[in-house]
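Asks: Pasting a structure here, questions to come.
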Amino acid sequence: MIAEVLLVLAGHSSSLFPTDHKVHPAFAPLLHPGEEQCLESLGQIALCYRKIKDACSVLARPSSRYVSALCATLNQILKDEYEVLVVETEAKVLKRDSSLVASGSFVPLSSLRAIFAEWDAPLASLETLVDDLQAHERWRPGPLIDLLLTRSQTGIHRVSSIYARLSEAVQRVWIAQLQAVLIHGTLSPNDPLADKNYVLVEGAVPSCVSVQSRDSITYVGRAIGTVKAAKWEKQFPQDLAREHTKLLNTVIPQDQYSFDRVISDIRTAVSEWLWLNVLTHKDVDEAVESLANYFLLRNGEFALSLIREIERLKLSRLTGKSVPSTMIRDQDLHLALLRASLGTTAQQDPSLAHLHFRLPTGPIRPLLPSLAGGAKDLSASLSSPTEPTSFDDLLLGTPLVLAYDVSWPLDLFLHASDLQLYAALFSYLSALRKTHTRIHTCWTALSNAQRARRRWTGLGEGGTAEDLEVRKQLLRCGWGVVREMTWFLDTLLGYVMTDVVDVEFRRLKSLLSGRPTGGVGRQMTGSGSAGAVAGSGDDRIGAGPLGASKTGSTFHPSLSTGSNLSSGAPPLDFTTLRSIHATYLERLLTGSLLANPALTNIIRMILEVCERFAAQVERWGGDVLPALLFEGSLAAGGGDKVGEMVAERYAIVGEIDVTLHTLLDAFYEQLSLSTTLQPFSATIDATKSMLYNASMTNTTGFGFHTFVRTRRGKRLEGDEEVRRHVERLLLRLDFNGQFSKPSARRHGTRSTAPAGQEDILKQGGLA
């Protein structure tokens, strides 16, 4: 019987177990219950073993290379460990080993059961594994590796060891396929890791591979494949390819940190080679200049024209009669983009073809400007924002994203995250510019209305004695509001476009050309983005000290792409190029205040208040004062009473005035705190995730709360300049001490406190 049991354990059939692991009924009366239980336990082990072997023989034939590798490894493990145990046990029986054979002639079934007990859990687990494999017709490598790694996380050492070896075998096959993509740029016809565009297919990558490594695999595979398909004279060096092969042979995906490091090293090496042989300085210069002209609004005349075209598009849809003509679609915005370029320097710019607008929420109907918002609680709105402040809905009234099509090899330099940051900067700058233009238009309307009214009223505003005084106060309050709005927007937009965008762009160009950065951006008058401070209806660029000619609104390249060679500077490597561009974007975000959540929240509310005031004036016919003959402009029945329409408008303008001053005070206070609080260290990736984690992973919240930042090691050149920019903005805002001296602030509503009490409040700085 012992020989029969050993044959059963080796995978042979026997009459002892006719169907499953149950002992044949004819033998049951001859066995002790304990012996019967031992035989059935051994039969269960033998049954699992046979089932696993049969399943492996079935799965290995028509299945994928990954399942075949798993089955081959599993067979080898069973052969080296389980089958060897069966042979060794039989040898002990034949040699009458005293550890197994009692009295030299008797072999207890309990001893056999104890020897093979260590295989109870492994074989049972492997049986469920092959059942899972047979339940699905096709297994992709990603889910298969994830399944094996998950099963290896167990406290039973032998089970964990078996699954670890199985997962490593499958991962080695996956690494071989990965080498074909990363080293040769080729894709397997069966179970390819990526499609023809080298985008990783679903299920081709295990979950232990990070997002960064996935992007790098796509990047390197497409780069090598494209260079190989183009059959250029310069192909990827073979010695470097062999080095990359050796690196990949030393890691597997489950060792995430080592795998990410190797993939990153390969990407860096490939990028350096591409930078020296494929991607040129000219490509980078053209891309950087194009992005600055259109996303950072350095092309001022095009930016103004685009804002007008979008406003004209909204007006045409609002006045449309048929349903199709009242919707705004992506193609309508693209047509507005082309119309905006007519008559500007962008008309002949080939990079304009890379731009297109995208409506994330789909086609929409335009809405009139909202006049609500006066009753909301400012204290709650000024508290710490719970989510990032977005400006992408201020230009059109619904989320609108400006996208830039990047083709190879430019996508080696510009990543999707970079373009998202450019889109965020465009939304922010275009919102500032549009509101600035609206307030200038409002100023023009108020001025024209006052000149027309003074033809009939002379130096006064008309009306009864009481009405005359209120109309005078209303007019002055309205002019004060629009003056404050114009001054703030002039200051903020001039700071962002001149001190931040222009300075950082010139600094980037000088770094790309290998020229020293000292003094870059010192002389800014009449150049670059100074033209972007335009805003009046007659196309005059700027106002007061910010004014400049329209011809200065676009950048005319004067930095030769080969100047770094002629000046003897060392060649710019690709890693340094990416670092320079990433720092450029970081400094733009930080210097423009877009990286500070508290400040962007306040700026958003200020823009909304400005838009609401401009919409009110437009609704009132371009004047804050109602016409004398309008119904409600004078009190009914005569007498020294204020008209209902005058009182209503005075209440609205006064509320806007108080709200605006509250927001301006909060903005100055928060901006001052940002330069004095303790530094909050962060990385560039944190800034990216701060802006765009509604649609991306790695949500970490806002990255920069202050402008005093520390860095490990040597400080990056120009960091202090960003802080000085913010300090200059503080000086411009407080040039007459109206923020640093709260008692000097004026209010749109008259004080209702008694004279003596008001004097006390003034002395205490509370009035």
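The values are calculated or read from the model by the stated rules, or taken from the named source; none is laboratory data. Just so it is clear, the structure is predicted and the values come from calculations on it, not from any experiment. Here the Cβ positions follow ideal geometry from the backbone for every residue, glycine too, while neighbour counts run over all protein chains shown. The accessibility values were calculated without ligands, DNA or RNA, using every heavy atom of the protein model including side chains. Shrake-Rupley method; radii C 1.70, N 1.55, O 1.52, S 1.80 Å.
Asks: Reported to two decimal places, what Rg/Rh ratio describes segment 30-90 when computed on Cα atoms with Rh from the Kirkwood expression? Don't skip to the end; give the middle numbers.
Replies: Values: Rg = 15.2 Å, Rh = 13.3 Å.
A ratio of 1.14.
Asks: May I pose another question? Tell me, what is the 1.4 Å probe accessible area of TYR49, in Å² to the nearest 10?
Replies: Surface open to solvent at TYR49 totals about 10 Å².
Asks: Sticking with this one: Long-range amide H contacts for ILE364: which residues qualify at under 5 Å (H placed 1.01 Å from N, peptide plane, sequence gap of 5 or more or a different chain)?
Replies: For ILE364, whose amide H was placed from the backbone, the distant partners under 5 Å are ILE328.
Asks: Would you calculate the separation in nanometres between label points at LEU410 and ARG165, each defined as 7 Å from the Cα along the Cα-to-beta-carbon direction?
Replies: Rounded to a tenth, the inter-label distance reads 5.4 nm.
Asks: Now for a separate question. Let me check something: with ligands and nucleic acids excluded, how do GLU586, GLU618 order by accessible area (1.4 Å probe), largest to smallest?
Replies: GLU618, GLU586
Asks: Under a crude label model (7 Å from the Cα following the beta-carbon direction), how far is VAL211 from THR154 in nanometres?
Replies: 3.4 nm
Asks: Still on this structure, please answer the following. For segment 39-82, list residues with backbone N below 15 Å from a point placed 7 Å from the Cα of ARG172 toward its Cβ?
Replies: Output list for this probe position: 66-78, 80.
Asks: Using Cα pairs closer than 8 Å and at least 6 residues apart in sequence, work out the relative contact order for segment 167-208, in percent.
Replies: Value for segment 167-208: 22 percent.
Asks: If ligands, DNA and RNA are left out, what is the accessible area of HIS725 with a 1.4 Å probe, given in Å² to the nearest 10?
Replies: 10 Å²
Asks: Something else about it: Using only protein heavy atoms and a 1.4 Å probe, report how much of LYS741 is accessible, in Å² to the nearest 10.
Replies: 130 Å²
Asks: Just to check I understand the Karplus step: with θ = phi - 60° and J = 6.51 cos²θ - 1.76 cosθ + 1.60, what whole-Hz values come out for segment 4-13, glycine and proline as x?
Replies: Listing the rounded values in order: 5, 5, 5, 5, 5, 5, 7, x, 8, 7 Hz.
Asks: Next question. Average the reciprocal distances over every distinct pair of alpha-carbons in segment 209-257, invert the result, and give the Kirkwood radius in Å.
Replies: Kirkwood radius, segment 209-257: 12.4 Å.
Asks: Mind checking segment 155-236 for trypsin sites (Lys or Arg not before Pro) that DSSP puts in a loop (not H, G, I, E or B) and that have at most 10 other Cβ atoms within 10 Å?
Replies: Listed in order of number, the matching sites are LYS196, LYS231, LYS234.
Asks: From largest accessible area down, sort ASP734, ASP573; use a 1.4 Å probe on the protein chains.
Replies: I get ASP573, ASP734, largest accessible area first.
Asks: Report the extension gain between THR444 and VAL658 in nm, rounded to one decimal, defined as 0.36 nm multiplied by the number of residues separating them, less their alpha carbon distance.
Replies: Extra length available between THR444 and VAL658 comes to 74.7 nm.
Asks: Once the piece of chain linking ARG454 and GLU202 is laid out straight, how much longer is it, given 0.36 nm per residue of separation minus the C-alpha distance between them? Please report the intermediate quantities before stating the final value.
Replies: Values: separation 252, 0.36 × 252 = 90.72 nm, distance 7.23 nm.
Roughly 83.5 nm would be gained on extension.
Asks: Suppose R0 equals 41 Å. What FRET efficiency, 1/(1 + (r/R0)^6) with r the Cβ-Cβ distance, do ASP239 and THR361 give to the nearest 0.05?
Replies: Computed FRET efficiency for ASP239 and THR361 comes out at 0.20.
Asks: Using 5 Å bins from zero, what percent of all Cα-Cα pairs in segment 141-278 falls into each bin?
Replies: Answer for segment 141-278: a P(r) of 2, 10, 20, 22, 19, 12, 7, 4, 2, 1, 0, 0 percent.
Asks: I've got another one for you. Please give the peptides 68-74, 112-118 ranked by average Cβ packing (other Cβ atoms within 10 Å per residue), highest first, as a rough proxy for protection.
Replies: Those peptides, ordered most packed to least, come out 68-74, 112-118.
Asks: Let me ask something else about it. Between GLU286 and ASP132, what FRET efficiency comes out of the Förster formula 1/(1 + (r/R0)^6) with R0 = 51 Å and r the beta carbon distance, rounded to 0.05?
Replies: Here the calculated transfer efficiency is 0.40.
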